[in-house]
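Notes follow the structure.
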Amino acid sequence: MSYNLLKGKKGIIFGALDEKSIAWKVAKRAKEEGAEFVLTNAPLAMRMGEINKLAEECEAQIIPADATSVEDLENLFSKAQEILGGKIDFVLHSIGMSPNIRKGKTYGDLNYDWFLKTLDISALSFHKVMHVAEKQDAMNEWGSIVALSYIAAQRVFPDYTDMSQAKAVLESIARNYGYRLGRSKKIRVNTISQSPTKTTAGTGVGGFDAFYDYADKMSPLGNASAEACADYTITLFSDLTRYVTMQNLMHDGGFSSMGISEDIVDMISK
Ligand SMILES: NC(=O)c1ccc[n+]([C@@H]2O[C@H](COP(=O)([O-])OP(=O)(O)OC[C@H]3O[C@@H](n4cnc5c(N)ncnc54)[C@H](O)[C@@H]3O)[C@@H](O)[C@H]2O)c1
């Protein structure tokens, strides 16, 4: 159902790789809600070509950008304003990648060059996005910027290795830039801490199926889907949440407030 929540708003959506991507679902919902936006992803991800299908469906243009490159981001923000014919109202940062996780490295055996890459791609890129947006004065007042996080920023999930630190940094960047952009232009900055979700990035984490099921059994509402995450993200881009900023917002079916659930007790007692 559409509520026209984003009518007249212009945005940039990072991170739609394929139909399973959270950013893909956000793009579809943003279109339904009346937004105009550009899609962007790393040049390498573009080569897979799936994003073209989404662009067609959403009547959106694609601007390639490696989110770790300030130069690419400068080009992205200036071209996006040209294409959309004005300043930006919302930005979704839906980017995560750890070479250590990809190569199956354990927490005690991390490659430090890759660790830095994890931090650059998954966390510092968020700082760079806001740095470029601020320098170009590319955002409208009362704009909204959202990045996606995971509860491993606060709790220990051993297979999430260096991404745990990346998410902790990401959430801290949201608070610190949220202060700056709030004061200067009333722009809000938040992270959404999402349930485990079956996407390329999600299922790449070791033991994913087990902690997906565990989280589902721990959460009174069950795991939040990518579609539900998109719905929530749309509310944060809308004018209905204008005083929510510098928050890490749990979107996890109740998982983060649980100690143990009856389902888990039953499972262990068997
Ligand atoms: N899937 C989950 O279980 C889960 C849970 C909580 C949070 N998240 C977060 O949600 C976000 C989106 O992930 P997803 O689950 O939709 O998976 P996904 O694999 O579909 O999306 C990750 C995206 O990051 C992009 N990316 C990687 N390196 C990049 C770079 N250098 N520049 C620009 N883009 C780059 C990829 O191309 C891809 O589009 C990530 O931040 C992820 O950590 C995912």
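Any read-out appearing in this document is the output of simple, stated calculations on the displayed coordinates, not a laboratory observation. In this text, all values refer to a predicted model and were calculated from it rather than measured experimentally. Heads up, the Cβs are rebuilt from the backbone with ideal geometry, glycines too, and the neighbour counts pull from every protein chain shown.
In nm, to one decimal, how far is the modelled label at Asp239 from the one at Gln154, with both set 7 Å along Cα→Cβ?
Computed distance between label sites Asp239 and Gln154 equals 3.2 nm.
So what's the gap between the Cα centers of segment 88-131 and segment 190-220, to the nearest angstrom?
First find each Cα centre; the distance between them is then 18 Å.
In debye to the nearest 20, how big a dipole does the chain give about its Cα centre with +1 on each Lys and Arg Cβ and -1 on each Asp and Glu Cβ?
Using Cβ point charges on Lys, Arg, Asp and Glu, the chain gives about 620 debye.
When the chain is modelled as a GNM with alpha-carbon springs shorter than 10 Å, which of Asp216, Asp162, Asp137 fluctuates the most?
Judging by the Gaussian network model, the answer is Asp137.
Can you compute the helix-only [θ] at 222 nm over the chain? Use -39500 (n - 2.57) per DSSP H run of at least 4 residues, normalise by all residues, nearest 500 deg cm²/dmol. Numbers along the way, then the final one.
Values: 12 runs with 122 residues, N = 270.
Result for the chain: -13500 deg cm²/dmol, rounded to the nearest 500.
Got a sec? Charge dipole of the chain, +1 on Cβ for Lys and Arg, -1 for Asp and Glu; which of Phe77, Gln61, Ile121 is way out at the positive end?
Result: Phe77.
On the principal axes of its Cα set, how long, how wide and how thick is segment 10-269? Give whole Å, largest value first.
61, 40, 37
Compute the angle between helix 161-185 and the longest alpha-carbon principal axis of the chain, please, reported from 0 to 90 degrees and rounded to the nearest 10.
Between helix and principal axis, roughly 40 degrees.
With the Cα gyration tensor of segment 137-270 in hand, give its eigenvalues times 5 under a square root as the equivalent ellipsoid semi-axes, listed largest first in whole angstrom.
Rounded to whole Å, the semi-axes are 31, 16, 12.
Would you be so kind as to identify which of Gly15, Ala201, Ser219 lies farthest towards the positive end of the dipole of the chain, taking Lys and Arg as +1 and Asp and Glu as -1 on Cβ and the Cα centre as origin?
Projecting each Cα onto the dipole axis, the largest value belongs to Gly15.
Would you tally the net charge around Thr40, using a Cβ to Cβ cut-off of less than 12 Å, leaving Thr40 out, and scoring K and R as +1, D and E as -1?
-1
Springs between alpha-carbon atoms under 10 Å, Gaussian network over the chain: tell me which of Lys135, Lys31, Lys167 tops the mean-square fluctuations.
Fluctuation is largest for Lys135.
State, to one decimal in nm, how far the label point of Arg183 lies from the label point of Ala168, with both points 7 Å from Cα in the Cβ direction.
2.6
About its Cα centre, how strong a charge dipole does segment 108-240 have in debye, to the nearest 20, once Lys and Arg get +1 and Asp and Glu get -1 at the Cβ?
Dipole size: approximately 560 debye.
Taking R0 as 25 Å, what's the FRET efficiency between Val70 and Asp109 from their Cβ-Cβ distance, rounded to 0.05?
Details: r = 32 Å, r/R0 = 1.26.
Given R0 = 25 Å and the Cβ-Cβ separation, E is 0.20.
Nearest 10 degrees, 0 to 90: what angle lies between the long axis of helix 125-135 and the longest principal axis of the chain (Cα atoms)?
20
Using a Gaussian network model of the chain with C-alpha springs under 10 Å, which one of Ser195, Ser125, Ser219 is most mobile by mean-square fluctuation?
So, out of Ser195, Ser125, Ser219, the one fluctuating most is Ser219.
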